[in-house]
Structures are given as structure tokens and as C-alpha cells.
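The values are calculated or read from the model by the stated rules, or taken from the named source; none is laboratory data. Note that the structure is a prediction, hence the values are computed from the model and not measured. Reconstructed Cβ throughout: ideal geometry from the backbone, glycine too, with neighbour counts over all protein chains shown.
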Amino acid sequence: MKTEPLFTASSDLYQNELGQPVGPTLKNWVPCQSPPRTPLVGRFCRLEPMAPEHHARRLFDAFALDTSGKNWTYLFAEPFTDYEAFDRYLVETCCGDDPLFYTVIDQASGLAVGMAALMRIDPRMGVIEVGHIHFSSRMQRTPMSSEAIFLLMSRVFDELGYRRFEWKCDSHNAPSKRAAERFGFSFEGIFRQAVVYKNRSRDTAWFSIIDREWPHVKAMFEGWLAPKNFDAQGKQRQPLRHFRADKE
């Protein structure tokens, strides 16, 4: 998808009765529904609403494979070495309606391998964010990572009719920024000194997909996820970028 310049004069100007430029009228807009606490099912993974009594132990084991703790650097929590503390964290932090956390389950093994959340949910404006993404080494660089994000996108746009899907991250988090662009998000800018966490200042990079862009992003993911794009060992034949509408 082509990224348009952020600040350009539009050729499709709308004016109110006073001759002032305004945004286009949304004639049939109605507020969206909040995301339901129901699973999302794909070919490689499924997303289940967070349930520590079912997911905590296997999530703890999956995250423990990161012995350096580098996967926690840009998250708000520190690495957990104690299972009971991790279980309390999930119960106290990850079981509400906003953020609405999902556990990623590997369809092949049935193991919990990661988590992500829908957050800053604004049904009235039709805006929602994906965040708290923590994919263990069991799902990094596998089709599950991309499919999990696609399942959330599909719920937000196709099922619930939201207008805008946001991705935000620490401006120093290069892997997260690359992932956002790979998934079809457009970079919007840096919010300077937007967050304080872990006793440090964070400039936040903002990305988004809006509803009129979704059909192209959806087609990209569907082309990539098609069974014919994977060999007998489950390895991709073509990368996700191959299916971008604007690829060179």
C-alpha cells in the first residue's frame, strides 16, 4: 500500500455553509459495538480471550524461553521468573474489557504461545488499537505471527465496522515499526515524550490502517495465507510483501 504524504492540500475539499473547509459528512455513521469476548480462529492459530486459569502456565513456559529478557524491553512489565507472580499479573492486568487481551494458541500443538490486546476501544468514534503484543519464540517468524494480527484486523473492520485501527510503539523499537509497515500500516509520525515507563521517557511512533485501505490489506493477507503459498513443510513460498497491491 502506498503511503500518502501527511500534509498536502486535498483536491476533494468539503465546505460548510460558511464556506469553511471541513471533513466529509458521514451520512450513515452509527457507533460500533465493543469487541466480543469470543475466539478468533485461523488456520495456523486461534485467539482466545485471556483466561489465566487455562493459559497462564503455558504462557509462562513459552515466555521463559526468552532467557535474556529482550522480548520484555518495550513492554510495560518486567520479565517474570516466578510463576505465581506472572499468574497474578495476568489476573490483575489482563482480564478486563479494555484492554481486551487474547491468548494466541498454536493450532498444531494446542499450546499458548503469545498474547495481544485490543485497547483504547472507542466505539463512538470507530477507533481501536492493537497493543501489548508479546509473541514468544515459539511463534516469532512463523505464520502464526502474521495470522494473529490479521484475525484481529478482520474482527475490527469486517465484523465490527471500525473506521481506524492503530498500532503504536516505542520509537526505538525497530522490529515493531518494521512489523507495522509489513502488515500494511501507514506511519503517521512521532508523539514526543508521550509516555513514561520503566523510569524512562518514550517517544511514541504512530501507525494506522483506515477502513478505505482495509480491502487492499485484506487481499494482501488472504493471498499470503492461501494454502498454495506454503510448501509441505509449512514454509512460505512468497513473503507477505509479494502480495501488496503497490509492490514494484
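Restricting to the stretch 214-243, count the residues that are of a type in the set (D, E, K, R) and farther than 16 Å from ILE149 by Cα. Walk me through it before giving the result.
Going residue by residue through the stretch 214-243, those that are of a type in the set (D, E, K, R) are 218, 222, 228, 231, 235, 237, 241.
Then drop every residue that is not farther than 16 Å from ILE149 by Cα, which leaves 228, 231, 235, 237.
Here the count works out to 4.
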- prompt: Regarding GLU92, is this residue assigned to a helix (DSSP H, G or I), at pLDDT 95 or above and of a type outside the set (Lys, Arg)?
  reply: yes
query: Which condition breaks for ALA245 when tested against (1) assigned to a loop (DSSP other than H, G, I, E, B); (2) within 27 Å of ASN28 (Cα to Cα)?
result: (2)
statement: A careful count of residues in the stretch 23-53 that are surrounded by 11 or more Cβ atoms within 10 Å (Cβ to Cβ) and either among the hydroxyl-bearing types (Ser, Thr, Tyr) or over 23 Å from the mean Cα position of the chain (by Cα) (or both) gives 3
